[in-house]
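Take a look at the structure below.
The values are calculated or read from the model by the stated rules, or taken from the named source; none is laboratory data. These numbers were taken from a predicted model, which means no experiment stands behind them. Cβ atoms come from the backbone with ideal geometry, glycine included; neighbour counts cover every protein chain shown. Keep in mind that these areas ignore ligands, DNA and RNA; they rest on the heavy atoms of the full protein, side chains included. Shrake-Rupley method; radii C 1.70, N 1.55, O 1.52, S 1.80 Å.
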Amino acid sequence: MKSVVYQAFSQKEAKEFDIELPGAQQAEAFVRAFLKRSTPRMSQQAREHQLQRKAVVLEYSTRRKRKEKKKKSKGLSARQRRELRLFDIKPEQQRYSLFLPLHELWKQYIRDLCGGLKPDTQPQMIQAKLLKADLHGALVSVTKSKCPSYVGVTGILLQETKHVFKVLTKEDRLKAQIADAC
């Protein structure tokens with residue numbers, strides 16, 4: 001039954017029931033409207049000219065979605081890091097015995113770094129490699145400082161920043177040696 005209801009009328013049936021089928025004028029109007037939507041940058045005259053000459057390349061007529069730019073995480077600012085206290089070592093973790101394995105790793109790192117150096121290597125090469133070496137975990141001793149209270153402090157270097165060295169002594173005390181100032 002549904003197939004009979006939804007079946008399209010033939011020309012003969014349309015005349016019989018006095019129903020108007022989409023004619024050539026409606027079809028032409030539809031095609032013109034479609035072409036106008038599909039070629040928005042083209043004038044009407046240019047469109048007519050293109051239709052008489054050759055096939056028309058249609059543009060994609062729906063609005064293009066803007067691509068959302070992925071926000072790169074820039075990380076935390078220096079102020080945010082200070083507020084979160086990311087680089088502060090908690091007092092319960094300030095124990096010399098906890099950082100002895102770090103010192104052992106540092107000794108192995110220096111051995112590997114200097115392992116490629118032969119006795120006949122130029123001193124400038126050795127000096128250049130040691131200047132670039134990472135000091136985290138090194139056993140350091142302060143021999144000269146503008147602040148006399150830091151002279152003689154020995155311990156494992158925990159943090160090395162632009163102006164501050166944080167050294168953990170055998171007495172489990174964290175000393176912050178400020179470079180170039182007291």
Legend entry - In Hz, Karplus ³J(HN,Hα) per residue of region 164-170 (6.51, -1.76, 1.60; θ = phi - 60°; x = Gly, Pro): 9, 10, 9, 10, 9, 7, 5
Inset, instruction - Taking H placed 1.01 Å from N in the peptide plane, check which residues at least 5 places from Gln159 or on another chain put their amide H under 5 Å from its amide H. - result: Lys166
Inset, instruction - Just reorder Arg66, Arg81, Arg111, Arg41 by solvent-accessible area, largest first, 1.4 Å probe, all chains present. - result: Arg66, Arg41, Arg111, Arg81
Legend entry - Potential extension, Val31-Gln159 segment - 0.36 nm per residue separation minus Cα distance: 38.6 nm
Inset, instruction - Rounded to the nearest 0.05, what FRET efficiency do Gln45 and Ser73 give with R0 = 41 Å and r taken as the Cβ-Cβ distance? Could you check? - result: 0.20
Legend entry - region 90-179: relative contact order as a whole-number percent, Cα under 8 Å and 6+ apart: 26
Legend entry - Within straight-line cross-link reach of Lys67, lysines at Cα separation under 24 Å, skipping those fewer than 8 residues along the same chain: none
Legend entry - Glu171-Lys132 FRET efficiency (beta carbon distance; Förster radius 22 Å; 0.05 resolution): 0.10
Legend entry - Distance violations [Cα-Cα > 27 Å] among Lys71/Lys129; Lys107/Lys146; Lys107/Lys144; Lys107/Lys170; Lys107/Lys132: Lys71/Lys129; Lys107/Lys146
